[in-house]
Amino acid sequence: TTLARGEVSLYDRLGQEAGVREVVHSWFGIASADARLKFLLAKAHDMRAGLAVHLTGILGGPRAGPGNLRETHGHLGLNDYHFDAFMSELARALRGCGHPPEVVEEVVVTVEDLRRQVLGSRLG
């Protein structure tokens, strides 16, 4: 993510690596109780690490996400319903970690840009 001079990345505003890890940990706690998402936790063995890496990269951190998102998620049978649930619970996790509404909204808008990459032809 290219930032204008003096602009602080979302990664920095979340608290860098520790902040991203906290959000991911919170998301997993929420997702484990969400019938729309908990099946993913059993199917996606490296999901926790992968989610942290992808969030770090897309939010302006030092690492880029691994590989092709469509290939990574294709075997899971995800569609808009699952992505919407993921996004809803991501916002909930961010709020639960104490991030202000404007940061939550900016993260959600930024991560939403991955929908097409994750779902590919399963949009709609």
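Structure summary
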quantity: Residue 78 being in a loop (DSSP other than H, G, I, E, B) and either hydroxyl-bearing (Ser, Thr, Tyr) or under 15 Å from the mean Cα position of the chain (by Cα) (or both); calculated: yes
quantity: Residues that are more than 18 Å from residue 25 (Cβ to Cβ), over 13 Å from the mean Cα position of the chain (by Cα) and open to solvent by 70 Å² or more (accessible area, probe 1.4 Å), drawn from segment 81-104; calculated: 81, 101, 102
quantity: Residue among 19, 65, 61, 57 that alone is assigned to a helix (DSSP H, G or I), surrounded by 13 or more Cβ atoms within 10 Å (Cβ to Cβ) and at pLDDT below 95; calculated: 57
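The values are calculated or read from the model by the stated rules, or taken from the named source; none is laboratory data. Predicted model, so just to flag it, every value in this text is computed and none were measured. A quick note on method: Cβ atoms are made from the backbone with ideal geometry, for glycine too, and the neighbour counts reach across all protein chains shown. These accessible areas exclude ligands, DNA and RNA; they are computed on the full protein's heavy atoms, side chains included. Shrake-Rupley method; radii C 1.70, N 1.55, O 1.52, S 1.80 Å.
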